[in-house]
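Notes follow the structure.
The values are calculated or read from the model by the stated rules, or taken from the named source; none is laboratory data. What you see is a predicted model; the values in this text were computed from it and never measured. Cβ placement follows ideal geometry from the backbone for every residue including glycine, while neighbour counts extend to all protein chains displayed. The accessibility values were calculated without ligands, DNA or RNA, using every heavy atom of the protein model including side chains. Shrake-Rupley method; radii C 1.70, N 1.55, O 1.52, S 1.80 Å.
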Amino acid sequence: MSAELEAEWDALAEQVGTHFGARPTYALSWHRCTGKGRLAVATVHRKVGGRKLLVALLGMHTRIRGGLPVKRLLGHGLGTVGEALAVDDAALDALVDGLRRRGAILQLTHLETDSPLVAALRRSGRWKVEVALDDHCPVVDLPEGVTSRSLRSGSTLRRSASTRRKLERAGTPMTIEKVTTAQQLEYFWPDIVRTAAASADAERASGTEPRQDLCATPWGEFTYAFLHQEATRGRLLVWGALFGGVWGAHMVTLRSGSRAELWLTRYSPLAASSRPGHQLIESICDTHDEVGITEFDFLIGRNPYKTDWQTREYSVVTVVAAPRTIGVALYWLRGADAVFSALRVLRARFSGTRHPRASPSTSASHPTPS
């Protein structure tokens, strides 16, 4: 991909994007570092005042699934929300029509339920489209002036304060560090990697298959490259909890305007009793005005520490689509997915580890055809 198109992509994402997963810093870092699939970036340009401007883009890669070339989002499956970028409906319609004319088979995960891309596919009338619920994304709305006291009970906040006082008495006071620059990321990156590894080790020791550690091999190079680029553009915001000056927990968020999306969160087992997730969220809610955040998006998945704080949520879906002229491909693809799912179950059964309960995104779901 040319440097010129990459710069145009970044500018378009900055103009109309709402999720970091649609930015080239994420998508191309993933592709360059993992080398998975063949790059397949769909674009629409429009002549404006004698200039050719990028007005729509969907970043994808091609994978072979059941013998079929299937287009998936770049960075597929790493807990992000995807979207197409378009300045208006006409640009998005042109993007969808171009994909149809090329016979593209799409399998796109974690699009918002009311995604403009899904609407454009259906509006065309020339696609066979199946939509299946993946998961839910809790959100904390943080208008100016809102603090943790607006969101949680006094007794809950007193318990958090009591924990912090105990840490002070023990000589390990908790402090919150905000990491926003490339230099700060370079400095704290070893601490972030160490904390994630300690968390994964604790999960293994309990007999549970550890969550995907995107700071470790084979993902670490991609994650660092992506976060470093975001830091240079002023969009990185990492919240770290230090205990007695030692990094023990973090929430890695990326900004899109005044929205912060939570991508990575880990804590050292030594910090577990301090409920670091709640402590970090409380700090975020109390200081969001300082950093210009009005919306904190937890991204994929419900769990207690998220739902305790959320003010609303939205759902995400997987969209599988093919031009109606080759709509039968969806039935073939569904069968291939069933085979791959069965193989994953068998691998889990014989791996000797206890896997966490399946989330909605990995459990069976029923597609809604149109």
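Spread over its residues, the convex hull of the C-alpha atoms of region 135-284 is 138 Å³ per residue.
Between 0 and 90 degrees, the angle of helix 89-101 with respect to the longest Cα principal axis of the chain falls at about 60 degrees.
Could you give the size of the charge dipole of region 180-337 about its Cα centre, using +1 on the Cβ of each K and R and -1 on the Cβ of each D and E, expressed in debye and rounded to the nearest 20? The partial results should precede the final answer.
Details: 14 positive and 18 negative charges, 91 e Å.
So the magnitude is around 440 debye.
If R0 is taken as 25 Å, the Cβ-Cβ distance between R149 and R302 corresponds to a FRET efficiency of 0.55. In this entry, region 225-306 is assigned a mean projected area of 6.0 nm², taken as a quarter of its C-alpha convex hull surface. Dividing the mean sequence gap of close Cα pairs (under 8 Å, 6+ apart) by how many residues the chain holds gives a relative contact order of 25 percent. A simple charge model with +1 on the Cβ of Lys and Arg, -1 on the Cβ of Asp and Glu and nothing else charged puts the dipole of region 215-303 at about 220 debye relative to its Cα centre. A simple spin-label model places the labels of E313 and I64 3.9 nm from each other, with each point 7 Å out along Cα-to-Cβ. Dimensions of region 1-75 along the principal axes, based on C-alpha atoms and rounded to the nearest Å, stand at 46, 22, 22, largest first.
Across region 209-295, the relative contact order, built from alpha-carbon pairs under 8 Å that are at least six residues apart, equals 20 percent.
Model label points for R233 and T294, set 7 angstrom from Cα along the Cα-to-Cβ axis, are 2.2 nm apart. Model label points for D201 and R51, set 7 angstrom from Cα along the Cα-to-Cβ axis, are 5.3 nm apart. Largest mean-square fluctuation among S160, S273, S315, in a Gaussian network model of the chain whose springs join Cα atoms under 10 Å apart, belongs to S273.
Can you compute the FRET efficiency between L5 and R102 using 1/(1 + (r/R0)^6), with r the Cβ-Cβ distance and R0 = 22 Å? Round to the nearest 0.05. List each step's numbers first, then the result.
On the way: r = 18 Å, r/R0 = 0.82.
After rounding, the FRET efficiency stands at 0.75.
Between region 50-86 and region 202-259, what is the C-alpha centre distance in whole Å? So the separation of the two Cα centres works out to 24 Å.
Ordering I281, A27, G49 by the projection of their Cα atoms onto the charge dipole of the chain, which places +1 on the Cβ of Lys and Arg and -1 on the Cβ of Asp and Glu, puts A27 at the extreme positive end.
Quick one: with all protein chains in place, what share of the accessible area of the chain is carbon or sulfur, to the nearest percent (1.4 Å probe)? Within the chain, the accessible surface is 53 percent carbon and sulfur.
Grab the Cα-Cα distance for R194 and V328, subtract it from 0.36 nm times how many residues apart they are, and report the gain in nm with one decimal. Before the final figure, lay out the partial values.
Values: separation 134, 0.36 × 134 = 48.24 nm, distance 4.81 nm.
Gain on extension, R194 to V328, equals 43.4 nm.
Magnitude of the charge dipole for the chain, about its Cα centre and with charges confined to Cβ atoms of Lys, Arg (+1) and Asp, Glu (-1), is about 1160 debye. Which whole-number percentage describes the relative contact order of region 1-135, with Cα contacts under 8 Å and a sequence gap of 6 or more? Across region 1-135, relative contact order equals 22 percent.
Based on the convex hull around the alpha carbon atoms, region 135-222 presents an average projected area of 9.7 nm². Taking the three principal axes of the alpha carbon atoms in the chain, the coordinate ranges are 70, 58, 36 Å, sorted in descending order.
Computed from backbone phi with θ = phi - 60° and the Karplus coefficients 6.51, -1.76 and 1.60, the 3J(HN,Hα) list for region 21-34 is x, 8, 8, x, 4, 7, 4, 6, 4, 4, 5, 5, 8, 9 Hz; x is used for glycine and proline.
Here r is the Cβ-Cβ distance between R122 and Y187 and R0 is 45 Å; the resulting FRET efficiency, rounded to 0.05, is 0.40. Once the 1.4 Å probe is applied to the protein heavy atoms, the chain comes out at 47 Å² accessible per residue. From helices alone, the chain scores -12500 deg cm²/dmol at 222 nm; the rule is -39500 (n - 2.57) for each run of n ≥ 4 DSSP H residues, then divide by the residue total.
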